[in-house]
Amino acid sequence: MKKNYLVILALAIIILFFIQLAGTLVESIYILDLMNSRLDAKVLGVLFFFTPILLTPFYKKTPRQLTWITFIVLLLTRGILPYLKTANQVLISGIGTFAVLSLFLLLLSAKPKGETPSQIGLSGSAGLALAVGLSVLLRTLNYGIEYSLTPAGGWVGWGLGLCLGWLLLQLDLESKPAATEKKSGSATAAILGLFLILTLVWFAFSAPAVIARWTEGNYTLIVLTISLLALAWVLLSLNRPQLLAHINANILLFWNLIFTLSLTATILVHRVPFPPTPDSAPVVVTSPGWFAHIPLILMLLLFPVIFLDMRLFLDRVQQAEPTPRNLIPGILLGSLMVILLVFMHIFTNVWGYVKPISPPFRNAFWLPYFLLSGLITLLAWRIKENEAEPDVVGTFHWGWVLLLGVIFLGTLVRALPTERIQVSAEDRSSLVVMTFNTQQSNDDFGEKSYDRQLELIRRASPDILSLQETDSTRISLNNNDYVRYYAEKLGYYSYFGPTPVTGTYGTAILSKYPLLNTRTVFTYSDKDETGIAEAEIEVAGRRFTIYDVHPDGSDTAMLVFAKVLLERSKDKPYVVALGDYNLRDYEEAYKLIDAVYTNVWTSIYPSKISADGVDMSGENRIDHIFLSPTLHARNPIYVLVPESATDHAVHWTEIYWDNP
């Protein structure tokens with residue numbers, strides 16, 4: 001077992017690649033299809049999850065050759081992935097997902113050369129924990145965006161791929177023929193369990209920003225807790241593996257049950273009871289109290305149980321010695337569950353667009369996570385060890401301390417908030433305010449455009465920035481946290497607004513000034529959840545109230561939104577209400593707002609055409625900035641598609657006020 005680290009490192013890279021490739025596959029399909037509110041043939045890309053069954057007839061016949069073929073495919077697809085356009089990423093990430101899942105299954109019988117068969121459960125458990133630590137690092141390095149999937153960080157994928165190739169050279173890749181045909185049931189359950197664990201890690205724990213956005217919890221503490229516990233598990237697996245072997249079935253069952261309950265409760269305590277009818281009062285959500293973080297704390301402390309489950313399932317597969325034919329039911333069932341859980345997760349967000357399938361998943365964000373953790377618990381309870389594990393001697397080495405220490409310290413440094421921009425709040429007589437529908441940081445062609453959007457923001461240098469369609473910390477957008485990226489790069493304060501748990505398209509407020517009294521107000525909706533982000537700032541002795549809006553739905557829903565906005569803002573002296581209103585000049589809800597507040601564009605350009613010829617008189621002017629009568633505007637600007645690097649025109653203006 002002295003060279004067990006070879007298997008651990010190989011499995012860690014493979015699992016990390018699975019998270020990256022599966023995430024990119026779902027993201028690219030979503031960008032091309034569901035972001036345009038339709039399904040077409042591209043959605044069939046999810047069938048790549050089934051493709052590993054194509055190689056199962058060859059697993060026992062030519063395992064070495066097959067391993068190297070799948071490795072080469074994986075190396076090439078993962079290597080070129082960051083440099084491709086979205087449409088090409090569907091195919092390449094799909095092929096890569098096929099290769100990485102196939103390679104994972106092939107390595108279940110691998111062992112270091114000259115060694116006895118490795119304890120794959122122990123190696124896989126440590127490999128999964130190391131993959132989590134690496135994924136957390138790569139996302140934290142780039143302020144919430146997976147660094148190795150960007151063109152600038154593409155070298156990381158090549159480097160890890162070549163490292164994996166070297167590791168494979170050190171392993172005996174010949175499979176051990178099964179002595180007798182065994183029942184496939186236990187192997188099927190174990191393989192299903194492996195797919196579920198990989199999915200749960202992909203959905204949440206590989207990207208802690210996801211959990212921070214669910215809960216409005218402290219990002220730094222959540223990131224460091226997950227990183228520390230995952231890396232500590234690697235050390236424990238190497239240095240004291242015998243301690244893990246003494247955890248009996250009853251303890252494992254109890255641990256899994258409490259973890260399932262705490263994970264589900266972590267989401268449920270942030271679930272919003274949306275207004276059921278147009279006459280219902282709006283629901284106001286403020287920062288969660290300390291009691292709401294109790295399930296979060298429990299869940300974070302208990303999540304390493306998935307590493308124990310990984311060990312159990314891998315050991316069962318090794319004990320069962322399944323034939324290629326016996327692998328097929330587990331792969332099919334596991335792949336089917338992955339696809340169903342992916343769609344279930346996405347439908348909680350787009351429930352109003354994919355009828356009749358999606359409406360039942362409204363406000364059910366908790367459901368895929370409950371099913372994932374609950375099924376893992378059930379499978380772990382049903383699976384029993386057929387034979388006692390031999391005593392395992394630790395293979396601790398100081399090199400591991402160095403490697404894991406570097407990973408944790410790198411995570412720590414980048415998880416800390418950056419310094420906020422320093423601006424004076426006194427002697428100001430004007431502010432620049434900007435509204436930007438980022439389309440989850442994609443342009444009108446479905447290509448990632450966050451850096452171009454960031455440059456446009458820097459060009460305007462707004463004091464207040466309202467963002468819409470910012471709900472990217474979900475698997476449909478590969479868990480990328482673009483709001484955090486913008487805030488950290490700009491040095492702005494930020495309020496994320498409605499959390500992903502609520503299923504909205506996201507409204508977020510960024511500011512050069514500290515944001516006060518942040519809250520989200522939900523109004524009646526029949527298509528999208530309508531969550532208005534609200535905040536206040538203090539400038540020059542005045543308190544400004546900011547409303548960031550993105551309503552959608554029927555005329556009734558839009559009228560409810562307009563009335564709630566006016567009611568909540570009527571007693572505020574300095575109001576700035578900006579966002580993607582999805583309203584045009586002739587619509588009744590627009591007219592209600594326009595009768596009370598000043599639209600900055602039409603107040604300067606009554607013809608709706610600017611002095612330099614920017615014509616905003618058509619149907620596409622739905623992004624507006626409204627001001628209370630105490631405020632005035634000058635030099636309003638629209639930057640049109642495609643220069644806006646999104647599918648909306650970007651709008652900003654300078655506002656000023658009269659001296660008292």
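Some notes on this structure:
- Residues (buried (at least 24 other Cβ atoms within 10 Å of the Cβ) and either farther than 12 Å from Tyr547 by Cα or in contact with a His (Cβ under 6 Å, 6 or more places away or on another chain) (or both)) located in segment 508-523: Ser511, Thr523
- The one condition from (1) closer than 18 Å to Pro551 by Cβ; (2) outside any strand (DSSP E or B); (3) of a type in the set (A, V, I, L, M, F, W, C) that Leu467 does not meet is (2).
- Test: residue in segment 524-531 that is at pLDDT below 95, under 26 Å from the mean Cα position of the chain (by Cα) and more than 21 Å from Gln439 (Cβ to Cβ): yes
- For segment 636-660, filtering for residues that are touching a strand residue (DSSP E or B) at 6+ places or on another chain (Cβ under 7 Å) and under 16 Å from Ile457 (Cα atoms) leaves 13.
- Condition check for Pro288: in the same structural domain as Ala126 (by TED's automatic domain parsing), in contact with a His (Cβ under 8 Å, 6 or more places away or on another chain), outside any helix (DSSP H, G or I) and touching a residue at least 24 places away in the same chain (Cβ under 8 Å): yes
- Qualifying residue in segment 444-467 (condition: of a type in the set (Val, Ile, Thr), within 21 Å of the chain's Cα centre (by Cα) and in the same structural domain as Val641 (by TED's automatic domain parsing)): no
- Annotation note: of Leu244, Leu235, Leu200, the sole residue that is closer than 25 Å to Asn349 by Cα, outside the structural domain of Tyr495 (by TED's automatic domain parsing), assigned to a helix (DSSP H, G or I) and not β-branched (Val, Ile, Thr) is Leu200.
- Exclusive hit being surrounded by 15 or more Cβ atoms within 10 Å (Cβ to Cβ) and either touching a Cys at 6+ places or on another chain (Cβ under 7 Å) or more than 30 Å from Leu412 (Cβ to Cβ) (or both), set Ala187, Ala249: Ala187
- Residue that is modelled with the highest pLDDT, among those in segment 375-410 that are out of contact with any helix residue (DSSP H, G or I) (no Cβ under 6 Å at 6 or more places or on another chain) and under 15 Å from Thr188 (Cα atoms): Leu378
- Residue that is nearest to Leu106 (Cα to Cα) [pool: residues in segment 51-77 that are in contact with a helix residue (DSSP H, G or I) (Cβ under 8 Å, 6 or more places away or on another chain) and not in a helix (DSSP H, G or I)]: Tyr59
- Considering the conditions (1) farther than 28 Å from Thr530 by Cα; (2) under 18 Å from the mean Cα position of the chain (by Cα); (3) buried (at least 21 other Cβ atoms within 10 Å of the Cβ), Ile267 is excluded by exactly one of them, (1).
- Filter result for Leu162 (modelled with pLDDT of 95 or more and under 24 Å from Ile475 (Cα atoms)): no
- Some residue of segment 31-43 being farther than 30 Å from Val350 by Cβ and either assigned to a helix (DSSP H, G or I) or modelled with pLDDT of 95 or more (or both): no
- Matching entry among Leu296, Leu314, Leu340 (being buried (at least 21 other Cβ atoms within 10 Å of the Cβ), modelled with pLDDT of 95 or more and assigned by TED's automatic domain parsing to the domain that holds Thr199): Leu296
- Highlighted here are the strands (runs of 3 or more DSSP E) found entirely within segment 566-660 that include at least 3 residues which are hydrophobic (A, V, I, L, M, F, W, C) and under 35 Å from the mean Cα position of the chain (by Cα): 574-580, 623-627.
- Neighbours by Cβ (under 6 Å, 6+ apart or cross-chain): first from segment 101-114, free of Cβ contacts under 8 Å to residues at least 60 places away in the same chain; second of a type in the set (A, V, I, L, M, F, W, C): Ser102/Leu55
- Qualifying residues in segment 208-239 (those that are under 30 Å from Tyr505 (Cβ atoms) and among the aromatic types (Phe, Trp, Tyr)) - the one surrounded by the most Cβ atoms within 10 Å (Cβ to Cβ): Trp214
- Selection within segment 334-360 - hydroxyl-bearing (Ser, Thr, Tyr) and over 16 Å from the mean Cα position of the chain (by Cα): Ser335, Tyr353, Ser358
- Selection from segment 404-425 of residues that are over 24 Å from Ser494 (Cα atoms) and surrounded by fewer than 16 Cβ atoms within 10 Å (Cβ to Cβ): Gly405, Val406, Leu409
- Checked against (1) modelled with pLDDT under 95; (2) surrounded by 15 or more Cβ atoms within 10 Å (Cβ to Cβ); (3) out of contact with any strand residue (DSSP E or B) (no Cβ under 9 Å at 6 or more places or on another chain), Arg428 passes all but condition (3).
- Complete set of residues in segment 549-584 that are surrounded by fewer than 16 Cβ atoms within 10 Å (Cβ to Cβ) and either charged (D, E, K, R) or touching an Asp or Glu at 6+ places or on another chain (Cβ under 6 Å) (or both): Ser554, Asp555, Glu567, Lys570, Asp571, Arg584
- Single match in Ser610, Ser628 (criterion: under 17 Å from Ile546 (Cα atoms), of a type in the set (Gly, Ala, Ser), in contact (Cβ under 8 Å) with a residue 12 or more places away in the chain and assigned by TED's automatic domain parsing to the domain that holds Arg584): Ser628
- Qualifying residue in segment 533-545 (condition: under 18 Å from Thr438 (Cα atoms) and either assigned to a strand (DSSP E or B) or assigned by TED's automatic domain parsing to the domain that holds Ala207 (or both)): yes
- Verdict on Phe254 being within 18 Å of Pro295 (Cβ to Cβ), assigned by TED's automatic domain parsing to the domain that holds Leu16 and without any contact (Cβ under 8 Å) to a residue 24 or more places away in the chain: yes
The values are calculated or read from the model by the stated rules, or taken from the named source; none is laboratory data. Since the model is a prediction, treat every value here as computed from it, not as a measurement. For neighbour counting, all protein chains shown are included, and Cβ atoms are generated from backbone atoms with ideal geometry for every residue, glycine included.
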